[in-house]
Amino acid sequence: MVIDAKMLLMIFIINLSYITLNTIRFMLTMKGYRLIAPIVSVFEITIYVLGLSLVLNRLDNPWNLAAYAIGYGVGIGIGIRIEEFLALGYIMVTVIIPDVESKMPEELRELGYGVTMNYAYGREGERMILEILSPRKNERTLYKEIHKLEPKAFVISYEPKYI
């Protein structure tokens, strides 16, 4: 069995490209990007058919299948990294803090966050509840600020579908 390194590299790169685009297209679709997701899918499926045909026409060499599978795995990792870098959309963060006299809402507002404040009563008494809508690009910074201002804060976050 002859190992064609050039063919293996081509299969790997094609499948890596396909799966990277597939991951990004899926995330764009889930976030409601109705124009860009179909455009990405045109490139995605073209690359997919090309890569699959290269492997199916050369099934006698298991290295081709291995290159295809490895490209698949690496493509998912790269697609996830790209999506994290783009950080599309918003997050909604609910923060529950035990100190109802806390200045956290004002301090977060001074940092540019929109904060809605409510009071609640839990098993251990009064609590302050903060609702913060933030671009996903600011997510990690927001968590650090919350922890810095109130280490005992209970934080829940989710991605709203519609705003």
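The values are calculated or read from the model by the stated rules, or taken from the named source; none is laboratory data. As the structure is a prediction and not an experimental result, all values here were calculated from the model. Using ideal geometry, Cβ is built from the backbone for each residue, glycine included, and neighbour counts are taken over all protein chains shown. Accessible surface is based on the protein model in full, side chains and every heavy atom, while ligands, DNA and RNA are left aside. Shrake-Rupley method; radii C 1.70, N 1.55, O 1.52, S 1.80 Å.
Data overview
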{"quantity": "Breaking point among (1) in contact with a Phe, Trp or Tyr (Cβ under 9 Å, 6 or more places away or on another chain); (2) open to solvent by less than 50 Å² (accessible area, probe 1.4 Å), for Ser53", "calculated": "(1)"}
{"quantity": "Restricting the range 129-163 to residues that are in a strand (DSSP E or B) and of a type in the set (A, V, I, L, M, F, W, C), the residue that is surrounded by the fewest Cβ atoms within 10 Å (Cβ to Cβ)", "calculated": "Ile156"}
{"quantity": "Residue tally, condition over 20 Å from Lys161 (Cα atoms) and open to solvent by less than 30 Å² (accessible area, probe 1.4 Å), over the range 91-108", "calculated": "5"}
{"quantity": "Identity of the residue in the range 137-163, within 18 Å of the chain's Cα centre (by Cα) and acidic (Asp, Glu), that ends up modelled with the highest pLDDT", "calculated": "Glu139"}
{"quantity": "Condition met for Pro160 (closer than 28 Å to Arg34 by Cβ, touching a residue at least 24 places away in the same chain (Cβ under 8 Å) and not small (Gly, Ala, Ser))", "calculated": "yes"}
{"quantity": "Residue identified as at negative phi and in contact with a Ser or Thr (Cβ under 9 Å, 6 or more places away or on another chain) among Tyr72, Tyr158", "calculated": "Tyr158"}
{"quantity": "Residue among Ile3, Ile11, Ile76, Ile39 that alone is β-branched (Val, Ile, Thr) and not in a helix (DSSP H, G or I)", "calculated": "Ile3"}
{"quantity": "Test: Ser53 is assigned to a helix (DSSP H, G or I), more than 21 Å from the chain's Cα centre (by Cα) and without any contact (Cβ under 8 Å) to a residue 40 or more places away in the chain", "calculated": "yes"}
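Residues are listed down the side, and each one gets a yes or a no for (1) at positive phi; (2) at pLDDT 90 or above; (3) touching a helix residue (DSSP H, G or I) at 6+ places or on another chain (Cβ under 8 Å):
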{"site": "Arg81", "(1), (2), (3)": "no, yes, no"}
{"site": "Ile97", "(1), (2), (3)": "no, yes, yes"}
{"site": "Gly112", "(1), (2), (3)": "yes, yes, no"}
{"site": "Thr116", "(1), (2), (3)": "no, yes, no"}
{"site": "Glu124", "(1), (2), (3)": "no, no, no"}
{"site": "Pro135", "(1), (2), (3)": "no, yes, no"}
